1. Would you mention how many residues in the range B:114-128 are within 11 Å of chain A (Cβ to nearest Cβ) and either surrounded by fewer than 23 Cβ atoms within 10 Å (Cβ to Cβ) or among the aliphatic types (A, V, I, L, M) (or both)?
2. Look through A:GLY350, A:GLY340 and report the one residue that is at pLDDT 85 or above, assigned by TED's automatic domain parsing to the domain that holds A:ASP247 and not hydrophobic (A, V, I, L, M, F, W, C).
3. Inspect all residues belonging to the range A:186-203 and state whether any of them is modelled with pLDDT of 80 or more and crowded, with 20+ Cβ neighbours inside 10 Å.
4. Going by the conditions given, is A:ARG122 of a type in the set (D, E, K, R) and touching a residue at least 40 places away in the same chain (Cβ under 8 Å)?
5. I want to confirm something. Restricting to the range B:98-112 and keeping residues that are closer than 17 Å to A:VAL202 by Cα and more than 7 Å from chain A (Cβ to nearest Cβ), which single residue is surrounded by the most Cβ atoms within 10 Å (Cβ to Cβ)?
6. Can you pull out the residues in the range B:1-36 that are within 14 Å of chain A (Cβ to nearest Cβ), farther than 16 Å from B:VAL117 by Cβ and in a loop (DSSP other than H, G, I, E, B)?
7. Search the range A:175-204 for residues that are at negative phi and pair each with any residue that is loosely packed, with under 11 Cβ neighbours inside 10 Å and not hydroxyl-bearing (Ser, Thr, Tyr) when their beta-carbon atoms are under 8 Å apart and the residues are at least 6 apart or on different chains.
8. If the Cβ limit is 8 Å and pairs must be 6+ apart or interchain, which residue in the range A:154-165 that is surrounded by fewer than 18 Cβ atoms within 10 Å (Cβ to Cβ) pairs with which residue that is among the basic types (Lys, Arg)?
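The values are calculated or read from the model by the stated rules, or taken from the named source; none is laboratory data. None of the values given here were measured: they were computed from a predicted structure. Reconstructed Cβ throughout: ideal geometry from the backbone, glycine too, with neighbour counts over all protein chains shown.
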Amino acid sequence: MPDARNSGLEAPLWRAIAVYRIAALTYATILVIGNISYYKRPMLAWPVLAVMAAWTVFTTYAYADPARRRAPLLLTDMAVVMAALTASIEIVGRHSLETGRPTLAVAWHVAPVLCCAVRFGRRGGIAAALVMGATDLLVRAHYDQSALTGSVLMLLAAIAVGYLVRIAEVAQERLERAVELEAATRERERLARDIHDSVLQVLALVKRRGAGLDGEAGELARLAGEQEAALRTLVGGRQAAVDPVGDELDLMALLHPYATADVTVSGPAGAVPLPAHAARELRAAVAAALDNVARHCDPGTKVYLFVEDDPGQVVVTVRDDGCGIEPDRLAQAEAQGRLGVAQSIRGRIGDLGGEVRIVSAPGQGTEVEMSVPRVPIS
Amino acid sequence: MTAAIRVMVVDDHPMWREGVSRDLTAAGYDVVATSGEGRQAVRIAAAARPDVVVLDLQLPDVSGVEVINGLQTEVPGVRVLMLSASGEQQDVLDAMKAGATGYLLKSAGQAEFLDAVSRTAAGDTVFTPGLAGLVLGEFRRLAVTEPAGADEGAPKLTERETEVLRLVAKGLSYKQIAERLVLSHRTVQNHVQNTLGKLQLHNRVELTRYAIEQGLD
């Protein structure tokens, strides 16, 4: 927050108030010259104008420094201006004021109210406007429409300025966040390029050279291959698209992180948008299927995750190259309710109005095909 | 093998270039040239006249599509096996449409790589499950964006071709697919090759149509 207060958006506001103060002082001087013949003590008007001028110069410099825009200066500002306003009672005189002659300040007294609005926001501005407005009314000692209008305008100006400052702060925060995000994205892209040009290539080479070797060399190659796949997924850039677009999610972006040295993810090049709920349920079903493979098949079993985007439905297949199950054993296990994973998959897909087909044959691995209709059945 | 097959290796990573060249030489290929840049590769290929180019998809100077186009102009009939270190995305699909005949991930094993080179040299297409998924996705995209009834219409896959591609995408080997569909290994290979051929033909037609529309004919 303090950063926003000292931001470039607020500085012009303080300068504008300084300009307003100078303009208002000039106008006050002209009106004093024009009305001086009606004053009760005309000679005293000049020293008061001199004080007002001095205060205008002082505040112009004082408010230019962000560190000094604090309560002490603002309260002193209010007090000095209220004093100049109150001096009108003695100098202009009751009679002249009641017949509609302006105060010595004329509109100069609005400046500190605006300062409060800028510094303390809408609430501070309203409080200052009420105090200053009450003083103005007391000094004028008549309560007709024109007298009230001045104070009401001042109140509205304070509210508007306070609101403006708030908007400026929010805009500034958003801007800063966007800049940060952009910097982070650019850094990520640079990292991805670097990794792609160096680490990925070397890891792939190690894996290639060592594949087929026995013992430690083969193990090292396998590990290099795993890391290569993990890094490739990380820098692939698909993750960035996981943010929901409206209430839809890209299923490919959700599933790509599952790619490893043993898990191949394939599907269309573009996004496969699905309602967020359906996409998350499908991901959970895929995770359950992958988990099932990890638990029941030998380590190193290849898994293929395949996404098809038909006009009417989205089909996701999880096929492993490992231990196939005898078809009747599968049905038997399922009938006995022992196939927990299969049921959790069926449950999720069934809730989406879809179907699950499990095909398994010894030597050909197990294939779990999940199809979900594009338009949910209502 | 009567005369050794002439291979060119294009990759911006020197270590990779060297390793691949060594493997190819050891396997009996004649590595006629190597290059680390796309434009240079096209120039060298014009003189070296390789039968097969092993091409890294991500080169520092020009895109894979541009290199493939250049190679086809300079060395008609050259076969291009693409390798890439990153995932199987739009750029892979674009390169295949431009005329590459095979695609392999860089992390593939040595045996798999050498097998892919020999199949590419023999004129076969080399598909990964990921590429099959991309190609299927592309045909479906074309079917939606270019509905039938248009002049040439979108290219379509036969039921058999779709079936074969789906099985490739699910990671089955050609042998497994042949067993499952009761086909010969050669027929499976032909179906895969046809799908790519249709896509490449459509791509050329599109490019020509675009050129005519833009008045560049």
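1. Looking only at the range B:114-128, we keep the residues that are within 11 Å of chain A (Cβ to nearest Cβ), and these are B:114, B:127-128.
With either surrounded by fewer than 23 Cβ atoms within 10 Å (Cβ to Cβ) or among the aliphatic types (A, V, I, L, M) (or both) added as a condition, the list becomes B:114, B:128.
Here the count works out to 2.
2. Details: A:GLY340 fails: at pLDDT 85 or above.
Just one listed residue meets the conditions, A:GLY350.
3. Checked the range A:186-203: at least one residue is modelled with pLDDT of 80 or more and crowded, with 20+ Cβ neighbours inside 10 Å.
4. Details: of a type in the set (D, E, K, R): yes; touching a residue at least 40 places away in the same chain (Cβ under 8 Å): yes.
Here the answer is yes, as A:ARG122 does meet what is asked.
5. Restricting attention to the range B:98-112, the residues satisfying the condition of being closer than 17 Å to A:VAL202 by Cα are B:104-110.
Cutting the leftovers down to more than 7 Å from chain A (Cβ to nearest Cβ) gives us B:104-105, B:108.
Details: B:LEU104: 21, B:LEU105: 23, B:ALA108: 20.
Result: B:LEU105.
6. Within the range B:1-36, B:ASP12, B:HIS13, B:GLY36 qualify.
7. A:GLU176/A:ASP3
8. A:ILE159/A:ARG122; A:TYR163/A:ARG122
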